[in-house]
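Some notes on the structure that comes next.
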């Protein structure tokens, strides 16, 4: 988008696109049971739900916003899976892959949601086929996204990934209405807690009214209530034991992220519960009022100032860089010990150096060094295993400086020409191959299925045309004989019930 639009416009265009996709996917889901007009309302409600507003104006969590756009399609695919339709494996796999490539926390959420719905459907249908088809779809989707998921799992050892669960971003610190010693954290948690509580309350009331109306099949009501209820439960501290023991669930960090699942069920159940637009409008205004109250009394949408933004722009343009997150520095390093004013190339012993930088890009550095004595160069660069270093054309082994995580390169006295290149590691190659092979197999499968169905339609249509009038005279345009009339009359009488 940045290649075709001014960068100041890109965020707004991206948000508009993500919200439009959200509305379209919700419309497809709601249209399964509701009229066109009601489905449009459900889509509009989903796009304008309070948590979406928080994502856009408070959090700027653009990846999470895009992942949420396909969640209604996830539920739609699972409902088709309940009908033992094996053709739903492909769309469900594509959804799992799309979320996996978009937002890692949302991918964890999707996998647990799929597992929950599959178990519920299998118990209700008393058939394990739903679980088998769902497992096949998840495995297929994971293989499609292997170009990212496999390297991500392998390269976790490069960094201090445990910092993802440091104080303030752990699940136990972010249940609704939880407070810690950080005032900024507490204000935002209070805001999202008010919104989450309001949405859960409206969801519960709408579920009760929808159950009384009985306009839709009861199994649909139970499906929506199960997913929405489980999502709501996981936001409260009563579910702490699940966050502790379920694999990878803690990497969601913020339990209130499950509002994504609540919003899908809320949009559908609220539309089912009340046909009059007055009651629908009142329910939405109640949630909107809670959001406005939080905006005015708890936490405004943006707590930085123009000076903070100007500082970030200056650091980026000056080459000082930006403040990253602790979990992505090299394992064992402390990012707070690094110096923003550190030179690009320095000597570890403080000896004199003459440095000529030829190239300094994100994935490649080329420079010449004239050293008076052998030693090690300290680069203004974090040392990761994907860096390959050549000194005077020969590959050398690098070291990592304690605390800072900077790269150390051994050199000899005299002229040294150094080339540092970010290479493609084996895990990325393997992940890409798995994704390409899976995609090719999937395309062949879909193509063969379409070809089979097309051939079957041709056979059926050919059979119907022969059965309609097998007489040679019919093909010549002759009028039907009188003897055919009693048979035709008999057929009509049978069809009409006489």
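Taking helices (runs of 4 or more DSSP H) that fall entirely within segment 1-83, which contain at least 2 residues that are under 19 Å from residue 291 (Cβ atoms)? Please lay out each step first, then the result.
On the way: elements: 10-30, 36-47, 50-54, 62-68, 71-82.
By residue number, 10-30, 36-47, 50-54, 62-68.
Suppose the filter is within 18 Å of the chain's Cα centre (by Cα), crowded, with 20+ Cβ neighbours inside 10 Å and assigned by TED's automatic domain parsing to the domain that holds residue 93; does residue 43 pass it? Outline the logic, then answer.
Details: within 18 Å of the chain's Cα centre (by Cα): no; crowded, with 20+ Cβ neighbours inside 10 Å: yes; assigned by TED's automatic domain parsing to the domain that holds residue 93: yes.
Criteria not met by residue 43.
Return the residue satisfying two criteria in turn: it lies in segment 97-138 and is part of a loop (DSSP other than H, G, I, E, B) and touching a residue at least 24 places away in the same chain (Cβ under 8 Å), and of such residues it is farthest from residue 219 (Cα to Cα).
Within segment 97-138, the subset part of a loop (DSSP other than H, G, I, E, B) is 103, 126-128.
The next check asks that each one be touching a residue at least 24 places away in the same chain (Cβ under 8 Å); those that pass are 103, 127.
Details: 103: 31, 127: 15 Å.
Looking at residues that are part of a loop (DSSP other than H, G, I, E, B) and touching a residue at least 24 places away in the same chain (Cβ under 8 Å), I get 103.
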Item to check | Any chance residue 275 is closer than 29 Å to residue 83 by Cα, part of a loop (DSSP other than H, G, I, E, B), assigned by TED's automatic domain parsing to the domain that holds residue 293 and over 21 Å from the mean Cα position of the chain (by Cα) | outcome: yes
Checklist entry - What do you reckon, is residue 285 under 30 Å from residue 209 (Cα atoms), part of a helix (DSSP H, G or I) and out of contact with any helix residue (DSSP H, G or I) (no Cβ under 8 Å at 6 or more places or on another chain)? => result yes
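The values are calculated or read from the model by the stated rules, or taken from the named source; none is laboratory data. Quick caveat, the model's predicted, so the values are computed rather than measured. Cβ: placed from backbone, ideal geometry, glycine included. Neighbour counts: every protein chain shown.
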